[in-house]
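Enquirer: Let me give you the structure first, and then I'll get to my questions.
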């Protein structure tokens, strides 16, 4: 078992544990911090897959910008403690059972799939580098790129309109 | 790594996100679980892109690069979605002084 496999298992266990802790933490700020741990683990997976541009964008955009936005909203609302009333225990159990059975069905469906010899190449290949991604982005995908800028503009206008005090 | 491991890891992350959406009442935590599900899909897309690169690298050196660009666009859309969603949640908190999603059932009436 090489260093790559060991890193894969460590990052997978870190991601799964942090994801479970996101769901079960009582304090919402702890949930945000555990979600940042999930994003760091997923960025580690991207680095293992040699998708370096996506790894750094994931860190900057998700773990940096979006999670800071969540944290700011939590601090503005000042609901640090257990403000979530636990009324119905059965609804919780039903949610966990529903999620678990979705996992069970998907795993049972995909366990028999013929994926032998299909390897996700690690530590090699240069399609994840900034140069190649940029060439394809600005040659083949330039129209969606521009449309996404329009999407951002409309999102900004929408946020200002929604957040305005009236 | 075999692609199975990535598929099952992404499935587990996605289902943890689904269970979180179904069990929690806090609107922002539900939103964070949706982000978790988006990230599971992103991880799976990158793994599949590397799988296609491994399989088709001889004929096409750029095989699989579309998957990573899709992940890039998903991140763009997710950033816009988070800003609008958090603005809606802040407005809801300003009106009801709570972010419990059960308070929103008055939308029915």
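Read-outs: derived from the displayed coordinates by stated rules, not from any lab. Nothing here was measured: the structure is a model prediction, and the numbers come from that model. Because the Cβ atoms are built from the backbone with ideal geometry, glycine has one as well, and the counts that use them run over all protein chains shown.
Enquirer: Percent relative contact order of the range B:28-81, based on C-alpha pairs within less than 8 angstrom and at least six residues apart?
Expert: Numbers: 29 pairs, mean separation 17.8, N = 54.
Answer for the range B:28-81 is 33 percent.
Enquirer: Can you tell me which of A:49, A:151, A:16 moves the most in a GNM of chain A? Springs connect C-alpha atoms under 10 Å apart.
Expert: In the Gaussian network model the winner is A:151.
Enquirer: Rounded to the nearest 500 deg cm²/dmol, what is the calculated helix-only ellipticity per residue at 222 nm for chain A, with -39500 (n - 2.57) per DSSP H run of length n ≥ 4?
Expert: -23000 deg cm²/dmol, from helical runs alone.
Enquirer: What is the Cα convex hull volume of chain B when expressed per residue in Å³?
Expert: 101
Enquirer: Let me ask another. What angle do you read, to the nearest 10 degrees and between 0 and 90, between the alpha-carbon axis of helix B:3-23 and the longest principal axis of chain B?
Expert: The angle comes out near 0 degrees.
Enquirer: Of A:66, A:93, A:20, which is the most mobile in a GNM of chain A whose springs link Cα atoms less than 10 angstrom apart?
Expert: The residue with the greatest mean-square fluctuation here is A:93.
Enquirer: Go ahead and collect, in residue order, the members of the range A:46-69 whose backbone nitrogen is under 15 Å from a label point 7 Å along the Cα-Cβ direction of residue A:131.
Expert: So the set is A:52-53.
Enquirer: Taking the Cα atoms only, what angle lies between the long axis of helix B:65-96 and the longest principal axis of chain B, rounded to 10 degrees?
Expert: Approximately 10 degrees, to the nearest ten.
Enquirer: In percent, how large is the relative contact order of chain B, given Cα pairs closer than 8 Å and 6 or more residues apart?
Expert: Values: 84 pairs, mean separation 28.0, N = 109.
Here the relative contact order equals 26 percent.
Enquirer: Please give the Cα centre distance for the range A:1-74 versus the range B:36-109, rounded to the nearest Å.
Expert: Their Cα centres are 14 Å away from one another.
Enquirer: Can I ask one more? Listing B:54, A:30 from the residue with the fewest other Cβ atoms within 10 Å to the one with the most, what is the order?
Expert: So the residues, fewest neighbours to most, are A:30, B:54.
Enquirer: Okay, moving on. With equal scatterers on the alpha carbons only and no solvent term, can you work out the Debye log10 of I(q)/I(0) for the protein assembly as shown at 0.08 1/Å?
Expert: -0.36
Enquirer: Test of understanding: in a Gaussian network model of chain A with alpha carbons linked when under 10 Å, which of A:113, A:41, A:65 would top the mean-square fluctuation ranking?
Expert: Ranking A:113, A:41, A:65 by mean-square fluctuation puts A:113 first.
Enquirer: Now for a separate question. Viscosity 0.890 mPa s, temperature 25 °C: give me the Stokes-Einstein translational D for the range A:1-83 in µm²/s, with Rh taken as the Kirkwood radius over C-alpha pairs. Don't skip to the end; give the middle numbers.
Expert: On the way: Rh = 13.6 Å.
Taking Rh from Cα pairs, D becomes 180 µm²/s.
Enquirer: On a 0 to 90° scale, report how tilted helix B:27-56 is relative to the longest principal axis of chain B, with both axes built from alpha carbons and the result rounded to the nearest 10.
Expert: Approximately 10 degrees, to the nearest 10.
Enquirer: What percent do you get for the relative contact order of chain A when only Cα pairs under 8 Å and 6+ apart count?
Expert: Numbers: 96 pairs, mean separation 38.0, N = 166.
The normalised contact order for chain A reaches 23 percent.
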